[in-house]
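Asker: The structure's right below; bear with me while I get my questions together.
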Amino acid sequence: MASPKQVVVVGGGIMGCAVAWRAAQAGLAVTLVERASLGQGSTRAAGGILGVQAEGPLGPLQALCLASRLQYAAFVRDVAAQAGFTVPYREGGSLTLGADPADTARRRAQVDADAAAGRPAQWLTPQQASQQWPGLSVPDTGAALFPLDGVVDPPALCRALATAARRAGATVLENTPVSQVVTTAGHVKRVVTTAATLPADAVVVCAGAWSTQLPEMGLPPGAVRPVRGQMVALHHAEVRPPGVVFRGHGYLVPREDGVILAGSTMEERGFETAVTAEGLTRLLTLAQLLYPALKDATVVDTWSGLRPATPDGLPILGAGDVGGLVWATGHFRNGILLTPITAHLVTQVLLGHTPDVDLAPFSPRRPGLRP
């Protein structure tokens, strides 16, 4: 009997853990390597919003996000059952307030387009929005409601995915940086880490903003870059948003423990992860603009993370120029949302199957990756 295909997954955030789990479930011999601790990069920093309609991507990215959101409830149930503990997840909907007249007009057009396409969406009057979202400062123009949008706890989901991956047979190595991916005749052969040299029939790069730091892997310089996002966690005994609230690029995310996350900045600062006075001022101003009562909220925590962005705004998925090398990175603001479908599609690629989704728009070979 032939030995199972040996797969090394580079990166132990939510994406890498999901790929490791699905690949191990499929019978592949999986080793996941993470340079630090699992889930301590962009996963820990993420708000966990499943807001494809509120975020408003278009084209192939919209289709990919919608398909992934459709899988999410079953995905969370499955991994929670395999891991043996609950993952906080809910479909509380999202409410989007226009940041200015042009943004409001765009949101109205989006509601009309979604409704015409059969996706639940509704434009609420200020009175309707205030009734459903008590305490929210609603503009006179009203707000867009997307009832199928949801939220998940990314660190909890990452822990569950890592546990499920181990139980499915994957080996998980933390604090194990990769120094080299060795190729022979244009095909991956092994992965050299600080702890061991791992044989590899395939390597999946899920390293987020650090994905292009492996040399000679076929992506052009700048194909993935870090974009800093700062966050602040607040607590107020009387403010309980029923779902995610958006205004412009900012948002509030309610957690089950009563904490409200306010996010997020988008800053081109390289790999700098400092939390700044300017960034926190912007987030706290947004929070009080949306819910005036939050002026009395307690600041529970602050942090930042690095989103992996690409020049054309699309993730990088699928096989590249190096044989056996598979990419799952560049998800930018949609990494948590796209976790289920990315893990599914990458596993199909690893198994040699035709993916359920055409990956050509997300190919690592596409011209749009050149800055």
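The values are calculated or read from the model by the stated rules, or taken from the named source; none is laboratory data. Being a predicted model, the structure only gives us computed values, none of them experimental. All Cβ positions, glycine included, derive from the backbone under ideal geometry; neighbour counts span all protein chains shown.
Asker: I need a count of the residues in segment 118-133 that are loosely packed, with under 13 Cβ neighbours inside 10 Å and more than 16 Å from residue 149 (Cα to Cα).
Answerer: Of the residues in segment 118-133, 2 are loosely packed, with under 13 Cβ neighbours inside 10 Å and more than 16 Å from residue 149 (Cα to Cα).
Asker: Could you list, ordered by first residue, the pairs with Cβ atoms under 6 Å in which the first is in segment 270-288 and of a type outside the set (A, V, I, L, M) and the second is surrounded by 17 or more Cβ atoms within 10 Å (Cβ to Cβ) and outside any helix (DSSP H, G or I), at least 6 apart or interchain?
Answerer: Final answer for the pair search is 271/226; 273/304; 279/230; 279/265.
Asker: Going through 27, 12, 16 one at a time, which residue ends up being in a loop (DSSP other than H, G, I, E, B) and crowded, with 24+ Cβ neighbours inside 10 Å?
Answerer: After ruling out the rest, the residue left standing is 12.
Asker: From 82, 71, grab the single residue that is under 30 Å from residue 159 (Cα atoms), assigned to a helix (DSSP H, G or I) and under 15 Å from the mean Cα position of the chain (by Cα).
Answerer: Within the list 82, 71, the selection yields 71.
Here's the yes/no breakdown for (1) in contact with a Gly (Cβ under 7 Å, 6 or more places away or on another chain); (2) surrounded by fewer than 22 Cβ atoms within 10 Å (Cβ to Cβ):
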residue: 287; (1), (2): no, no
residue: 293; (1), (2): yes, yes
residue: 296; (1), (2): no, yes
residue: 299; (1), (2): no, yes
residue: 313; (1), (2): no, yes
residue: 316; (1), (2): yes, no
residue: 322; (1), (2): yes, yes
residue: 330; (1), (2): no, no
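Asker: Out of the residues in segment 215-238 that are among the small types (Gly, Ala, Ser) and under 18 Å from the mean Cα position of the chain (by Cα), state the one that is farthest from residue 335 (Cα to Cα).
Answerer: The selected residue is 223.
Asker: Could you please find all residues in segment 228-257 being under 13 Å from residue 294 (Cα atoms) and not in a strand (DSSP E or B)?
Answerer: Matches in segment 228-257: 236, 237, 238, 239, 240, 241.
Asker: Something else about it: Going residue by residue through segment 251-265, is there one that turns out to be of a type in the set (Gly, Ala, Ser) and in contact (Cβ under 8 Å) with a residue 60 or more places away in the chain?
Answerer: yes
Asker: Next question, about the same structure. Can you tell me how many residues within segment 200-218 are modelled with pLDDT of 90 or more, part of a loop (DSSP other than H, G, I, E, B), in contact with a Leu (Cβ under 9 Å, 6 or more places away or on another chain) and of a type in the set (A, V, I, L, M)?
Answerer: Residues meeting the conditions: 1.
Asker: Residues in segment 38-67 that are under 30 Å from residue 176 (Cα atoms) and either small (Gly, Ala, Ser) or surrounded by 19 or more Cβ atoms within 10 Å (Cβ to Cβ) (or both): how many?
Answerer: Within segment 38-67, residues that are under 30 Å from residue 176 (Cα atoms) and either small (Gly, Ala, Ser) or surrounded by 19 or more Cβ atoms within 10 Å (Cβ to Cβ) (or both) number 10.
Asker: I'm trying to understand the selection: among the residues of segment 196-242, which are crowded, with 20+ Cβ neighbours inside 10 Å and free of Cβ contacts under 8 Å to residues at least 40 places away in the same chain?
Answerer: Scanning segment 196-242 gives a single hit, 212.
Asker: Find the residue count for segment 244-285, including only residues that are of a type outside the set (Asp, Glu) and surrounded by fewer than 14 Cβ atoms within 10 Å (Cβ to Cβ).
Answerer: The number of residues fulfilling the criteria is 8.
Asker: How many residues are among the β-branched types (Val, Ile, Thr) and within 10 Å of the chain's Cα centre (by Cα) when one looks only at segment 330-341?
Answerer: So the answer is 2.
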